[in-house]
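A.B. asks: Quick one: the structure is below, and I'll ask about it shortly.
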Amino acid sequence: MRIVIIGAVAAGTSVAAKARRNSEDAEIVIYEKDSDISYSVCGLPYYIGTDIERAKLTPRDPAWFKKRYNIDIKNRHEVVDVDIKKKTVTVHDIAGDRVFSDSYDRLVFCTGARPVIPGIPGTDLEFVFTLRNVRDADRIKDFISKKKVSTALVAGSGFIGLEIAETLAGFGIEVTIVEKALSILPAMDGDMSVYIEEYLRGRGIMTFKDDYITSIEKTGLCRTASGKEHRADLIILSAGARPETSLAVKAGIETASNGAIITNEYMETSVKGVYAAGDCAMTRSLITGEYLYRPLGSTANKTGRICGDAITGGPLSFRGILGTGIVRIFDRTAAMTGLTERDVLEADFVPEVIHNIKPDRSEYMPGSSQMVIKAVADRKTGRILGAQIFGADGVDKRIDVFATAITFKAKAEDLFHLDLAYAPPYSTTKDPVMYTGMILDNAINRGRSLITPAELRRRVGAGDLIQIIDVRSPADYSRGHIPGAVNIPLSEIRDRLDEISREHPVVTHCNKGVSGNAAQNILILKGYSEVYNLSGGYKNYAAGISPGSD
Ligand code: FAD
């Protein structure tokens, strides 16, 4: 059997390696138009920003693959046509400047994705870059080392935009981010993005949301849709990625509306014997079963392995994704998995949303700091649907616990029962993940309702007569409070019940949620019928004051 693979980065090499592990007989050839193969795309921002050697990013060459796996990788060979009837590919050997034909029994598209380049004047100027491969990274690195770059503009604040912003700031460059969406890192809900934005501001990175660049001039002047002008010595376009599937489309292979190739669970396309894996392939949500396109290295490696197995008769099949993603932003981390509140509202679920602000380890330990967790569950089934976290340490392990729990369809109440590792340097006796489950369980099953700051604002704005009881100390209250809130410290609440009407809904809150919950308990046990605790307390309410956060 002759297997032809197009593309030799994450997915392509995974397909080939797995196919070879299953079969010594198959002939395996990969065509790659670039000169670099099998490199860490995900490492590119760090390669630009540090002195990681290029060779460490691209440790394997075609000779290594030949020796280790008996796989032929032809780099600088572009597949320019595919004939699915004749089962042939037409290949342009770039270095040799010749075109030839090759045949296959199994063909695999691993053609990846390409950066979205806005159709505006000036994107071809020498100081405007995208970042997708090692050569792009080399060019950016070279530009920074040779030119005097003191200002940079990053267009787009997804994972890559934030990574590159961090990298550029590391050179002492003044960085501005312009984001088309209403909030930074738009994959997260706006009320989580405000924490990131506030943090970026503290690091000297300016963010402009709900705006996009409309032209770039030779002088470095960028105009935006809202009429703003920014000046930059260097511009990085990180406005998303589109599946690279023009060849597949031309060959008549079925694609989704975003252009990604549709496959079944064995990564086989609409054409028998033709497969796709990695960023060029469409995926489905593990939760909803709907199409979900999240071009990530983790998924490219996984779908590549499954595809390599499937084409050589193995049993692996692809289950779907949660869209789990993580990004370092200086000494903070933002991560998410599963559905956001926004997604849940669009799907057939009844959302229960909580914000949980907790220390990442015992508070007396040096380095302890707060992390903000937002979690969403389905009220009907109690199932956890998604989590988003922003914090300093330990965000990665918490998001992976959530991802695992969601994968195995855990309910909110299950999180408390997880036997998670605890010692003071790493966690608290009840880990923030367990608290998240407890709060959700209390809200869903035990009548301890929560209200998000956004919902509180909406209801107050709509004229609901809601009594807001701020149970913090008078000193905290005087430093800042929710308009209309009455200050009754927790220790006094039992004696001052006559100040709280039983006729109207009550919202209790403290700074982060714990004392607010204690006050809520008291009121419920004293017979108040509609009592909410404010999700994430005043801290979360105050964070959301920034525009676009709702
Ligand atoms: P690609 O890496 O795009 O490789 C496709 C290859 O196919 C390319 O080399 C291309 O030249 C070749 N090709 C295309 N058409 C042809 C043709 N006609 N003939 C021959 N060759 C062809 N993901 C994470 O999970 N975590 C991260 O931290 C992360 N960081 C990232 C940082 C950056 C800067 C970028 C750009 C991406 C990042 N990603 C991350 C995403 C991840 O890198 C991609 O999901 C992954 O590279 C996809 O692998 P792939 O093999 O499907 O596609």
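A.B. asks: For every other residue with a beta carbon closer than 10 angstrom to the beta carbon of I306, add +1 if it is Lys or Arg and -1 if Asp or Glu, then tell me the sum.
C.D. replies: Values: positive: K18, K302, R305, R319; negative: E265, D309.
With Lys, Arg at +1 and Asp, Glu at -1, the net is +2.
A.B. asks: Can you list the GluC sites (Glu not before Pro) in region 308-406 that are in a DSSP coil and have 13 or fewer other beta carbons within 10 angstrom?
C.D. replies: On the way: sites: E341, E346, E352, E363; in loops: E363.
The qualifying sites are E363.
A.B. asks: So what are the ³J(HN,Hα) numbers for region 6-19, from phi and the Karplus equation (6.51, -1.76, 1.60; θ = phi - 60°), rounded to whole Hz, Gly and Pro as x?
C.D. replies: Calculated HN-Hα couplings, in order: 10, x, 10, 10, 5, 6, x, 6, 5, 4, 5, 5, 5, 4 Hz.
A.B. asks: Suppose each label sits 7 Å from its Cα in the direction of the beta carbon; what would the D81-T151 distance come out to in nanometres?
C.D. replies: Spacing of the two 7 Å Cα→Cβ label points: 5.0 nm.
A.B. asks: Please report I216, I144 as a ranked list, fewest other C-beta atoms within 10 angstrom at the top and most at the bottom.
C.D. replies: The order, fewest Cβ neighbours first, is I144, I216.
A.B. asks: Set Lys and Arg Cβ to +1 and Asp and Glu Cβ to -1, take the dipole of the chain about its Cα centre, and tell me which of Y528, G158, S14 lies farthest positive.
C.D. replies: With unit charges placed on the Cβ atoms, the residue in question is S14.
A.B. asks: I'd like the Karplus ³J(HN,Hα) series for region 143-151: coefficients 6.51, -1.76, 1.60, θ = phi - 60°, whole numbers in Hz, and an x wherever there's a Gly or Pro.
C.D. replies: For region 143-151, the Karplus curve yields 4, 5, 6, 9, 9, 8, 9, 10, 10 Hz.
A.B. asks: Classify region 349-496 as rounded, prolate or oblate, taking a ≥ b ≥ c as the square roots of the eigenvalues of its Cα gyration tensor: rounded when a/c is under 1.5, otherwise prolate if a/b is larger than b/c and oblate if not.
C.D. replies: It is oblate, given that a/c is not under 1.5 and a/b is not larger than b/c.
A.B. asks: Additional query: Roughly how many debye, to the nearest 20, is the charge dipole of region 320-444 about its Cα centre, given +1 on each Lys and Arg Cβ, -1 on each Asp and Glu Cβ, and no other charges? List each step's numbers first, then the result.
C.D. replies: Values: 14 positive and 17 negative charges, 10 e Å.
Charge dipole of region 320-444: 60 debye, to the nearest 20.
A.B. asks: In terms of Cα to Cα distance under 22 Å, which lysines are near enough to K218, apart from those fewer than 8 places away along the same chain?
C.D. replies: Straight-distance partners of K218: K141, K146, K147, K148, K228.
A.B. asks: Here's something else I'd like to know. Restricting the count to DSSP beta bridges whose residues both fall in region 78-195, what percent are antiparallel, rounded to a multiple of 5?
C.D. replies: Numbers: 11 of 16 bridges.
Antiparallel bridges: around 70 percent, rounded to the nearest 5.
A.B. asks: Separate question: In nm, give the distance between the simple-model label positions of I262 and N487, each being 7 Å from the Cα along the Cα-to-Cβ direction.
C.D. replies: Reported label-point gap for I262 and N487 is 6.1 nm.
A.B. asks: Size of the dipole of the chain about the Cα centre, Lys and Arg at +1 and Asp and Glu at -1 on the beta carbon, nothing else charged, in debye to 20?
C.D. replies: Values: 69 positive and 70 negative charges, 134 e Å.
The calculation lands at about 640 debye.
A.B. asks: Most exposed first by the Cβ proxy, i.e. fewest other Cβ within 10 Å, how do H355, H481 rank? Please list the in-between numbers first.
C.D. replies: Details: H355 27, H481 18.
Ordered by Cβ neighbours within 10 Å, fewest first: H481, H355.
A.B. asks: What ranking do H230, H509, H504, H417 get, fewest neighbouring Cβ atoms within 10 angstrom at the top? Present the calculation step by step, with values, prior to reporting the outcome.
C.D. replies: Working: H230 21, H509 32, H504 12, H417 9.
So the ranking, lowest neighbour count to highest, is H417, H504, H230, H509.
A.B. asks: Hey, got the dipole for region 1-133? About the Cα centre, +1 on K and R Cβ, -1 on D and E Cβ, debye to the nearest 20?
C.D. replies: Computed charge dipole of region 1-133: roughly 500 debye.
A.B. asks: Tell me which aspartates and glutamates have Cα within less than 19 Å of K411's Cα, excluding those fewer than 8 residues away on the same chain?
C.D. replies: E341, D343, D348, E352, D378, D400, D419, D431, D441
A.B. asks: Could I ask something else about it? Grab the DSSP H runs of the chain that are 4 residues or longer, score each as -39,500 (n - 2.57), total them, divide by all residues and round the 222 nm result to the nearest 500 deg cm²/dmol. Intermediate results must be reported in sequence, preceding the final value.
C.D. replies: Working: 17 runs with 160 residues, N = 550.
One gets -8500 deg cm²/dmol as the mean residue ellipticity at 222 nm.
A.B. asks: While we're on this one: So, by mean Cβ neighbours within 10 angstrom, what's the order for 291-304, 5-18, 253-266 with the highest one leading?
C.D. replies: Values: 291-304: 19.9, 5-18: 27.7, 253-266: 16.9.
Peptide ranking by packing, descending: 5-18, 291-304, 253-266.
A.B. asks: Within region 55-124, what is the number of lysine pairs with alpha carbons under 22 Å apart, leaving out pairs fewer than eight places apart on the same chain?
C.D. replies: Numbers: K56/K66; K56/K67; K56/K74; K66/K74; K74/K86; K74/K87.
Taking region 55-124 as the scope, the lysine pair count is 6.
Bear in mind that the values in this text are calculations on the coordinates, not laboratory data. Quick caveat, the model's predicted, so the values are computed rather than measured. Cβ: placed from backbone, ideal geometry, glycine included. Neighbour counts: every protein chain shown.
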